[in-house]
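For reference, the structure discussed in these notes is given below.
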Amino acid sequence: MRHAARLFAATLVVATNVHAQQNFVPKKPTEADWTAVAKLPDFTGVWEATFGGGGRGAGGGRGRAGGAPAFPAGPQLTPAYAEKRRANQAKGAEDSQAANCLPPGMPGIMGQPYPMEFLLTPGLVTIVIEAYSQVRHIYTDGRPLPDDPDQKFFGTSIGRWENGTLVAETVGFSPQTEIAPGTPHGDHMKIVERFTLTDPDTMTIETTVTDPEALTAPYTTTRTLRRHRAWSIAEYICEENNRNSVDANGKAGINIKK
Amino acid sequence: MQIRRFRELVIGSMVIGGLAMGSVQLSAHHSFAAFDMSKEQTITGVVSRFDWTNPHTFIWVDVTNEKGVVENWAIEGMSPNYLGRRGWSKNSVKPGDKITVTVRPLKEGKTGGMFIRAQIGDRVLMPTGTPTDER
């Protein structure tokens, strides 16, 4: 009987930890909460990475990464992950699953040649990403990161404001996402992004990836984005007329049947 | 006007140069493996359809080859999202337009390619247009 009670208590503790984030209930925003939002740095509107730099940036880095060094150092891999990367390259894939319209997830989704819109509301920063019509949520309401997160394309993000910089921490990534093209990540990859306005219409995003299994040093890239007040986010339904493809062996194809 | 034309040329050259070097990835969702990036080919024909669609626009052109046979060419361009912010619209290319297009041809002799530039009458269409809010 006593044993059963202990077991029950232990189960309860585990359940409490696992569900700390899922059970977090944000409070109803007050007028003061909305006033506080108005005092945050003005991230509103539509932003797009700038030309220049030519670096590929973090993560499935299929977009141009403005402001990055021309030839940024790639991620420094542990021997095991260097071998995984070599094995991936040896397959000679001509393309990634993005050709079949699978969104790249984090961190690659932040490096696409399409704009994103930032929405600030009490306790939450929402990023509407035009590429693949994706949405990220960065919770700034004080909830903790989950101890044992599900594996998601975007992971699970929390954020805080530090002297005008939004610092977002993200954990729990799908094995289908990559640190960089052909470079898989481990189960404990963590991404820290620092979003800062450097002048009224310029934002930098410094992205640092740490991964105890895959990386021997943090992998940091920086992008510069420009605000386009006149723009709005458009829909991007990749399946609308996708004629590109890649098969299981990595062979790229194109359908030109009218 | 002179400046804008020059700008378009510069941006166009940057893009083409970038594509050639592989340093600027302008295509969000696929590689250039299907195209022969070492070649340029120019075709002239009549537009039969213009797909103003994601993830890529397609200009379909009927081209009469040297044997007098009409071949249908499929020419992939940037997305309407990208081009629509840079001076293109769904009306930039219309069925019936006589068009001269330069492409990176598809491999294996398929009748298609990646858009580099085009001319319809006096109008020159560049692969990325020009940002309309920066003119």
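Counting Cβ atoms of other protein chains within 10 Å of each residue's Cβ and taking the mean over peptide B:68-80 gives 2. Each of B:92, A:133, B:38 has some number of other Cβ atoms within 10 Å of its Cβ, and from fewest to most they run B:38, A:133, B:92.
Separation of the range A:131-154 and the range A:195-250, taken as the distance between their Cα centroids, equals 16 angstrom. Summarising the amide proton neighbourhood of residue B:71: residues at separation of 5 or more, or on other chains, whose placed amide H is nearer than 5 Å comprise B:63, B:64, B:65.
Loop-located trypsin sites (Lys or Arg not before Pro) in the range A:113-200 (DSSP state other than H, G, I, E, B) with a sparse environment of at most 15 neighbouring Cβ atoms within 10 Å are absent. Relative to the Cα centre, the charge distribution of the range A:128-258, modelled as +1 at Lys and Arg Cβ and -1 at Asp and Glu Cβ, gives a dipole magnitude of about 600 debye.
We did not get these values from a lab; they are worked out from the coordinates using the rules stated. As the structure is a prediction and not an experimental result, all values here were calculated from the model. Here the Cβ is made from the backbone with ideal geometry for all residues, glycine too, and neighbour counts use every protein chain on show.
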